[in-house]
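S.K.: Supplied in structure tokens, the structure appears directly below.
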Amino acid sequence: MAQFQYRATDAEGKILEGVIDAAERNVAVARLQDRGLIPLRVAEPSAKRSGIGSIALPTLSFKRGVRGRDLLIFTHEMSTLLAAGMPLDRSLSILTDLSERPEMKRIVADVLQAVQRGKSLAEALAAHPKVFPPIYINMVKAGEIGGVLDHVLARLTEYLERADELRDEVRSAMVYPLILLFTAFGSVTILLTYVLPKFGSIFAQAGQSLPFSARMLLGLSDAMRSYWWAGLLVIGLVAFGGMHFLRTPAGRLRWDQIKLRIVLLGDLTRKVAVARFARTLGTLLRSGVPMLQALEIVRDVVGNLVISNAIEEVKVGVRGGSGVAAPLNHSGAFPALALQMISVGEETGKLDEMLIQVADYFDKEVRQQVKRLTSLLEPALLLVGGVVVAFVVLSMFSAIFSINNMPL
């Protein structure tokens, strides 16, 4: 028997918090419902990761703004309240009290006021485009029109949760390689700017001709200490020029093309874009958003201009009655397996379900490929760092030996 912390509301909207004993979380939720309560968050006290069923929220945050996790929790709680029969304005009022971040509390309160003035929920959310993206607003609009807002919000919760999980897994997998990279860079920098200059003064007093590798390293050390400002200036100019180039349509397209062609990483980039395309389009279609409108939204969220251009061709094909799979096939930007699954979905009239399956498959592929890449990247970084440090040490030893071999 485990203990679960919970936050729930009663029929009058009163917020209740406490601890309940249960064998598992689902049992705890059922017991709270038996008491006439609407569970909002239920989790073990020791849960480390905040989620839609968790009490504790992440401690790391920005001073202002709304995080993706805040939007996920808001969506889940709104879906829970509406599914329990709570009116929309009452649900928003409860969520205003539940919001633990001041900025989110202010936004939810503003949405509540707009709804009370007679606006639809979609119109009220659209006033905050930095928090609620187009996919969110359009799905809410479709849910309001179809009278299934609670079901649409449940799908949005699943969509946001899957996207958040994949993003967290990729970030977590890259933490250790990045630590190795910065450690290696820091070690070499310390050697070149602090250790080698001390050897340089000794070698200069000896007046002996040094091996080429030692002279090269000492020259690099002197350049770093004397012209570090020039190096920073060059890096800044290159970064500024690169950012300016990427802001242009031609530059962005060129960079996205390069990303798809990079060895190992290109295939991963393609799978991420395809998974995002499939999950977003499938979720929109399942929620009742019209195909052309859904494609317009998907085009802006895939994150790759090559894929976006392919989706634009799909829009033209859909208008002409050729469906989705055929235009995607002509673009050459989508994997064959994804095209086959989408084609089957169109033939069976279950395109939305097949798109979700495509997204699940490629999400799994992305996770596995990230694990494989990091398993290769970690020893590669260790090897490269070790070779660089060994080169520096051997170069200095060769210089010392050359001095010791000087004729007396």
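The values are calculated or read from the model by the stated rules, or taken from the named source; none is laboratory data. Remember, predicted model here, so these are calculated numbers, not experimental data. Virtual Cβ from ideal backbone geometry, glycine too; neighbours counted across all protein chains shown. The protein model used for the area step is the full one, side chains on, heavy atoms only, and it has no ligands, DNA or RNA in it. Shrake-Rupley method; radii C 1.70, N 1.55, O 1.52, S 1.80 Å.
S.K.: What range in the chain is the longest one free of GluC sites (Glu not before Pro) that are in a loop by DSSP and have at most 14 other Cβ atoms within 10 angstrom?
M.R.: Details: sites that count: E12, E24, E100.
Here the longest segment lacking exposed loop sites spans 101-408.
S.K.: Sticking with this structure for a sec: Sort segment 305-408 into rounded, prolate or oblate with this rule: let a ≥ b ≥ c be the square roots of the eigenvalues of the Cα gyration tensor; rounded if a/c is under 1.5, and if a/c is not under 1.5, prolate when a/b is larger than b/c, oblate otherwise. It would help to have the intermediate numbers written out before the result.
M.R.: Values: a/c = 7.86, a/b = 3.59, b/c = 2.19.
It is prolate, given that a/c is not under 1.5 and a/b is the larger ratio.
S.K.: Treating cross-link reach as a plain straight distance, find the aspartates and glutamates whose alpha-carbon is under 16 Å from the alpha-carbon of K371, omitting any fewer than eight places away in the same chain.
M.R.: Within the straight-line limit of under 16 Å, K371 reaches these aspartates and glutamates: E165, D168, E169, D267, D363.
S.K.: Let me ask another. Just one of (1) 1.32; (2) 1.01; (3) 0.97 is Cα Rg over 2.2 N^0.38 Å calculated from these coordinates, so which is it?
M.R.: Structure-derived value, by its label: (1).
S.K.: Working from Cα positions, state the angle (0 to 90°, nearest 10) between the long axis of helix 68-83 and the longest principal axis of the chain.
M.R.: The two axes meet at around 10 degrees.
S.K.: Which residue, chosen from L156, L264, F334, occupies the Cα position most advanced towards the positive end of the dipole of the chain, where the dipole is computed from +1 (Lys, Arg) and -1 (Asp, Glu) charges on Cβ about the Cα centre?
M.R.: The Cα lying farthest towards the positive end belongs to L264.
S.K.: Let me ask something else about it. Using only the alpha-carbon atoms, how far is helix 88-98 inclined from the longest principal axis of the chain? Give it as 0 to 90 degrees, nearest 10.
M.R.: With rounding to tens, the tilt is 40 degrees.
S.K.: Taking the Cα centre of segment 264-408 as origin, sum charge times position over the Cβ atoms of Lys and Arg (+1) and Asp and Glu (-1), and report the length of that vector in debye to the nearest 20.
M.R.: Working: 13 positive and 13 negative charges, 40 e Å.
The dipole of segment 264-408 has a size of about 200 debye.
S.K.: Let me ask something additional. Which one of V388, L253, A109 is farthest out on the positive end of the charge dipole of the chain, using unit charges on Cβ (Lys, Arg +1; Asp, Glu -1) and the Cα centre as origin?
M.R.: V388
S.K.: Something else now. Kindly sort I179, I235, I20, I258 by accessible area of their heavy atoms, largest first, with the probe set to 1.4 Å. Spell out each step's value before the answer.
M.R.: Details: I179 90, I235 110, I20 10, I258 65 Å².
My answer, sorted largest first, is I235, I179, I258, I20.
S.K.: For labels at E123 and F212 in the simple 7 Å Cα→Cβ model, what's the distance in nm?
M.R.: Result for the modelled spin labels: 7.7 nm.
S.K.: Tell me the mean residue ellipticity at 222 nm calculated for the chain from its helices only (DSSP H runs of n ≥ 4, each -39500 (n - 2.57), averaged over every residue, nearest 500).
M.R.: Calculated at 222 nm, the ellipticity per residue is -24000 deg cm²/dmol.
S.K.: With a cut-off of 8 Å between alpha carbons and a minimum separation of six or more residues, what is the relative contact order of the chain in percent?
M.R.: Numbers: 441 pairs, mean separation 52.3, N = 408.
About 13 percent, as a whole number.
S.K.: Could you tell me whether segment 201-287 comes out rounded, prolate or oblate from its Cα gyration tensor? Rule is a ≥ b ≥ c as square roots of the eigenvalues, rounded for a/c under 1.5, then prolate if a/b exceeds b/c, otherwise oblate.
M.R.: Details: a/c = 4.63, a/b = 2.85, b/c = 1.62.
Verdict is prolate for segment 201-287.
S.K.: Which value, in debye to the nearest 20, gives the size of the charge dipole of the chain about its Cα centre, when Lys and Arg are +1 and Asp and Glu are -1 at the Cβ? Present the calculation step by step, with values, prior to reporting the outcome.
M.R.: Values: 45 positive and 38 negative charges, 236 e Å.
With only Lys, Arg, Asp and Glu charged at Cβ, the dipole is about 1140 debye.
S.K.: Starting from segment 166-266, pick out the chymotrypsin sites (Phe, Trp or Tyr not before Pro) whose DSSP state is loop and whose Cβ has at most 16 other Cβ atoms within 10 Å. Write out the running numbers ahead of the final one.
M.R.: Working: sites: F182, F185, Y194, F199, F203, F212, Y227, W228, W229, F240, F245, W255; in loops: Y227.
Those that pass, being in a loop and sparsely packed, are Y227.
S.K.: In debye, nearest 20, what is the charge dipole magnitude of segment 69-182 about its Cα centre with +1 on Lys and Arg Cβ and -1 on Asp and Glu Cβ, if you could check?
M.R.: Roughly 300 debye, rounded to the nearest 20.
S.K.: Ok, one more. Got a number for the accessible area of H330? Probe 1.4 Å, square angstrom, nearest 10.
M.R.: 150 Å²
S.K.: Next question. Which of rounded, prolate, oblate describes segment 282-331, given a ≥ b ≥ c as roots of the alpha-carbon gyration tensor eigenvalues and a/c under 1.5 marking rounded, otherwise prolate only if a/b is larger than b/c? Mind dumping the intermediate values first?
M.R.: Details: a/c = 2.00, a/b = 1.11, b/c = 1.80.
Judged from the Cα gyration tensor, segment 282-331 comes out oblate (a/c at least 1.5, b/c at or above a/b).
S.K.: Report, to the nearest whole %, how much of the accessible area of segment 294-408 belongs to carbon and sulfur atoms, 1.4 Å probe, protein only.
M.R.: On the way: 3730 of 5960 Å².
The value for segment 294-408 is 63 percent carbon and sulfur by accessible area.
S.K.: A further question on this structure: Using 32 Å as the Cα-Cα cut-off, could you pick out the over-long pairs in K14/K141; K141/K271; K105/K364; K119/K350; K105/K259?
M.R.: Values: K14/K141 28 Å; K141/K271 30 Å; K105/K364 35 Å; K119/K350 34 Å; K105/K259 39 Å.
Beyond 32 Å: K105/K364; K119/K350; K105/K259.
S.K.: Here's another thing I want to ask about it. Could you please report the charge total around F362, scoring K, R as +1 and D, E as -1 over all other residues with beta-carbon less than 12 angstrom from its beta-carbon? Can you show the working numbers first?
M.R.: On the way: positive: R162, R270, K271, R276, R279, K364, R367; negative: D267, D360, D363, E365.
That sum, taken over residues with Cβ under 12 Å, equals +3.
S.K.: Let me ask you something else. Can you pull out the trypsin sites (Lys or Arg not before Pro) in segment 72-125 that DSSP calls coil and that have at most 16 other Cβ atoms within 10 Å?
M.R.: Details: sites: R90, K105, R106, R117, K119; in loops: R117, K119.
Passing sites in segment 72-125 are R117, K119.
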